[in-house]
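**Q** This is the structure, below, for whatever I ask next.
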Amino acid sequence: QVQLVESGGGLVQPGGSLRLSCAASRSIVSILVVGWYRQAPGKQRELVARKSSGGITNYADSVKGRFTISRDNAKNTVYLQMNSLKSEDTAVYYCNAFELGNNYWGQGTQVTVSS
């Protein structure tokens, strides 16, 4: 098992930036895929970005060119750099780890984009 703790959310103006962090309770080297999902009020949880242990990265079309996912295996941490934020990016953002057929989730961090 692995516990995930997100941080870095908050209130930001449109066009601003935030960096989310996801700290894992143990090494993430063996974790096949790490990713970020988000859920806005009244909507289903959706994939934002994910990165495999082999370096393959996928992004939702809505965030391509604005968000960047990275994983620091030495620090057991996954990051999501979010630039040019829009109001429609407002959501609770969840960190995810997929390993040996199991999905692990953090508790989520709120991101609000508003002027």
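The values are calculated or read from the model by the stated rules, or taken from the named source; none is laboratory data. Keep in mind it's a predicted model, so treat the numbers as computed, not measured. For neighbour counting, all protein chains shown are included, and Cβ atoms are generated from backbone atoms with ideal geometry for every residue, glycine included. SASA here: full protein model, heavy atoms, side chains in, ligands and nucleic acids out. Shrake-Rupley method; radii C 1.70, N 1.55, O 1.52, S 1.80 Å.
**Q** Go from 0 up to the bin containing the longest alpha carbon distance in region 1-91, width 5 Å each, and give me the % of pairs per bin.
**A** 3, 13, 25, 25, 19, 11, 5, 0
**Q** Using θ = phi - 60° and the Karplus form 6.51 cos²θ - 1.76 cosθ + 1.60, what ³J(HN,Hα) does each residue of region 27-40 get, whole Hz, x for Gly and Pro?
**A** Here the 3J(HN,Hα) series is 4, 9, 4, 8, 6, 4, 9, 10, x, 10, 10, 9, 9, 8 Hz.
**Q** For region 25-72, count all C-alpha to C-alpha pairs, find those more than 15 Å apart, and express that count as a whole percent of the total. Intermediate values should be presented prior to the final figure.
**A** Details: 553 of 1128 pairs.
Beyond 15 Å sits 49 percent of the P(r) for region 25-72.
**Q** A further question follows. For the chain, which whole percent of the accessible surface, found with a 1.4 angstrom probe, sits on carbon and sulfur atoms?
**A** Values: 2900 of 6000 Å².
Carbon and sulfur atoms account for 48 percent of the accessible area of the chain.
**Q** Extension gain ALA74-GLU46, at 0.36 nm per residue separation less the Cα-Cα distance, in nm?
**A** Numbers: separation 28, 0.36 × 28 = 10.08 nm, distance 2.78 nm.
Net length gain for the segment: 7.3 nm.
**Q** Going by amide H atoms built from the backbone, whose H comes under 5 Å of the H on PHE67, apart from near neighbours?
**A** Sorted by chain and number, the residues that satisfy this are ASN83.
**Q** Listed highest first by mean packing, meaning other Cβ atoms within 10 Å per residue, what order do 102-113, 40-51 come in? Please report the intermediate quantities before stating the final value.
**A** Details: 102-113: 15.9, 40-51: 14.1.
For the peptides 102-113, 40-51, the packing ranking is 102-113, 40-51.
**Q** I would also like to ask the following. Tell me, how many Å apart are the Cα centres for region 69-115 and for region 1-54?
**A** If you average the Cα positions of each part, the centres end up 2 Å apart.
**Q** List the lysines whose alpha-carbon lies under 27 Å from that of LYS43, not counting same-chain residues fewer than 8 positions away?
**A** Hits, sequence-local ones excluded: LYS51, LYS64, LYS86.
**Q** Keeping every protein chain present and rolling a 1.4 Å probe, give me the accessible area per residue for the chain in Å². Intermediate values should be presented prior to the final figure.
**A** Working: 6000 Å² over 115 residues.
For the chain, the solvent-accessible area averages 52 Å² per residue.
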